[in-house]
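Below: one structure, written as structure tokens.
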Protein chains: 2
Amino acid sequence: MNTPLNRRWTLQARPVGLPKRSDFGWATLPVPEPEDGQVLVRTHYISLDPAMRGWMNDARSYVPPIKLNDVMRAGAVGEVVASRSPALKEGECVVGMLGMQDYAVADAKSLTKVDPSLAPLPLYLSALGMPGMTAYFGLLDVGAPQPGQTVVVSAASGAVGALVGQIARIKGCRTVGIAGGPEKCAYVKDELGFDAVIDYKNEDVGAGLTAACPNGIDVYFDNVGGEILDAALARLARHARVVICGAISQYNATGAWVGPKNYLSLLVQHARMEGFVVFDYATRYPEGAAAMAGWLHEGKLKSKEDIVDGLQTFPETLLKLFSGENFGKLIIKSI
Amino acid sequence: MNTPLNRRWTLQARPVGLPKRSDFGWATLPVPEPEDGQVLVRTHYISLDPAMRGWMNDARSYVPPIKLNDVMRAGAVGEVVASRSPALKEGECVVGMLGMQDYAVADAKSLTKVDPSLAPLPLYLSALGMPGMTAYFGLLDVGAPQPGQTVVVSAASGAVGALVGQIARIKGCRTVGIAGGPEKCAYVKDELGFDAVIDYKNEDVGAGLTAACPNGIDVYFDNVGGEILDAALARLARHARVVICGAISQYNATGAWVGPKNYLSLLVQHARMEGFVVFDYATRYPEGAAAMAGWLHEGKLKSKEDIVDGLQTFPETLLKLFSGENFGKLIIKSI
């Protein structure tokens, strides 16, 4: 193999509010060499996730913050181009935390082999990857919906939300999505088969939920926080479960975060609000991946990816997540 | 029996902020007569509870609001003075929602017989009554602490909080209380046997929790809401449970309620926040009452009542709850 260069994005400054170009560094370096037990991976598709914003803060969380000057942390799928591990061969495809770069050296055991003949590679970053596992375990394990119950999900056209609603539908629930704009709402209702959808950009979310959930909300899967979370809390059914998956409305706040002022609905309705991190379910990913793959092949589940060409676009592509501009799972194609 | 008069407090106006004298009406009326299936009860001890504040609002909750001009809803213990039910005899003692008045007519089946030879009557409004059942089921069923885990409770010298901490101690937990002022804090630590106590009026609660909970908080039992809830959320251990029992800091707010801005700790720590209403456990009260009575008789559990003499004091006595002035379960002795 010749020795091409590795383009990479690093975190240079901890963003205040929305991340900006100057928070990141762009460098072109020699491709690193794997050591014993490691492989060199050429990244093909790199995932952009709301959680990235939290990783940039110097704050206690479920994973350590990204260190300044380190490569920007990111999940990616790629091809092994050099191996010093018996576990992985050149030419095999893998998914893992490879970073926002063209090439990554990683411990073979930190990577998961994937089969590009079973599903296109980007799907391993969406329905068959972290968003899929997040939707599957978050809804079924934390939310625990029963057939006939009403499941509401925010960011319903997003990477996780679209899967949550479809899994709920498959499980026999009444599904209500909240999304922004007529195009996304039409997709949620007509393409994904939700029972109802509320356009938060053009409708009163509270009134929409009251109309769409005549018996209250049994499971609310929250990706956004803020006023939409409060609107859902005010309409919980008895023994409801609120699944806290994310809070994209809050991630770039420069003042204090806004808490859900209607949290005492939990008391009145004997309800619970529970958070989770998908990594806690790592030992059960095979179960989740098998279920998702089955539904995909049966045509019961649709996955939509929003693929942007070019590693160099990272800072501006990332912002699409926070403006709601992306439509489907946001991915950068690095080559 | 002669026909004495019935003094009673009614709700005349829905309070804005702290309840004031003019929100209530004071009347002296003929004592009512029981009909078939009913009894006439002479109230001896009447309970004052933070929940009363919520019942005064015209808002959806777990019970309907008190109607204007109706007697002020209140739990009480008293003696049957006339009976038209075979289930209860004159001279027997009962507990139930008898209202803020000297005499009440009630359906016999809505009342619970109590034995004044087993425990003094006020205890049926504290450790053996609603506060006891609230502490028992809220802590053990919703909080589900394991031996060796750290349990934190706010309003730790209050009717519910003092019982929660003692039950946690009995169950082998590390117990940390939050209370206001040196006298209450000394009581919580020295009399009730909590492992640590934080004086929220004179200490930084966050720093106190960090010091008292080196492994984080496994169960936080919240009676207060507001900043103290946020301080606890910021220090949750993995898989922590936050029990939402009340939010006395918020009940008299005239603006928007303040939500817990640190609720995303639930996500990071895979924790849950769950509310409950003690009435949901009605079928299990015998279990709770038997356990509490056993611990009381074994000397493992202490109950403290703050008994104020005179039904006429109700409006000002109620305010002691919100100023934190009461010390122990607040009760009015009506005769």
Loop-located trypsin sites (Lys or Arg not before Pro) in the stretch B:86-137 whose Cβ has at most 15 other Cβ within 10 Å (DSSP): B:K89
List the GluC sites (Glu not before Pro) in the stretch B:273-326 that DSSP assigns to loop (not H, G, I, E or B) and whose Cβ has at most 10 other Cβ atoms within 10 Å. Which are they? B:E298
FRET efficiency (A:D141, B:N57; Cβ distance; R0 45 Å; to 0.05) is 0.80
Given labels modelled 7 Å from the Cα in the Cβ direction, how far is it in nm from A:K67 to A:A211? 5.4 nm
At 7 Å along Cα-to-Cβ for each site, give me the label-to-label distance between A:D204 and A:E33 in nm. 6.9 nm
Taking chain A as a Gaussian network, Cα atoms linked when under 10 Å apart, which of A:L264, A:L229, A:L111 shows the biggest mean-square fluctuation? A:L264
Provide the percentage of antiparallel DSSP beta bridges, counting only those with both residues in chain B; round to the nearest 5. 55 percent
Most mobile listed residue (A:G99, A:G132, A:G275) in chain A, GNM with C-alpha springs under 10 Å: A:G275
Taking neighbour Cβ counts within 10 Å as the exposure measure, how do A:D141, B:D102 sort from fewest upward? A:D141, B:D102
Normalised contact order of the stretch A:130-279, rounded percent, pairs of Cα under 8 Å and 6 or more residues apart: 23 percent
Taking A:V114, B:V219 and counting other beta carbon atoms within 10 angstrom, the fewest-first order is A:V114, B:V219
Apply the Karplus curve 6.51 cos²θ - 1.76 cosθ + 1.60, θ = phi - 60°, to the phi angles in the stretch A:193-209 and return the couplings in whole Hz, x for Gly and Pro. x, 4, 6, 8, 9, 10, 8, 5, 7, 10, 10, 7, 5, x, 5, x, 5
Global geometry of the stretch B:130-279, whether rounded, prolate or oblate, following the gyration tensor of its Cα atoms and the 1.5 cut on a/c: rounded
Per-residue [θ]222 nm for chain B (sum of -39500 (n - 2.57) over DSSP H runs n ≥ 4, rounded to 500): -5500 deg cm²/dmol
Chain B: most fluctuating residue of B:A256, B:A104, B:A179 per GNM, C-alpha cutoff 10 Å: B:A256
A:V268, B:V176 arranged by Cβ crowding within 10 Å, fewest neighbours leading: A:V268, B:V176
Considering only the protein assembly as shown, what is the antiparallel percent among its DSSP beta bridges, to the nearest 5? 55 percent
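Here, each number is a calculation from the coordinates, and none is a lab measurement. This is a predicted model, so every value here is computed, not measured. Backbone-built Cβ (ideal geometry, glycine too); neighbour counts: all protein chains shown.
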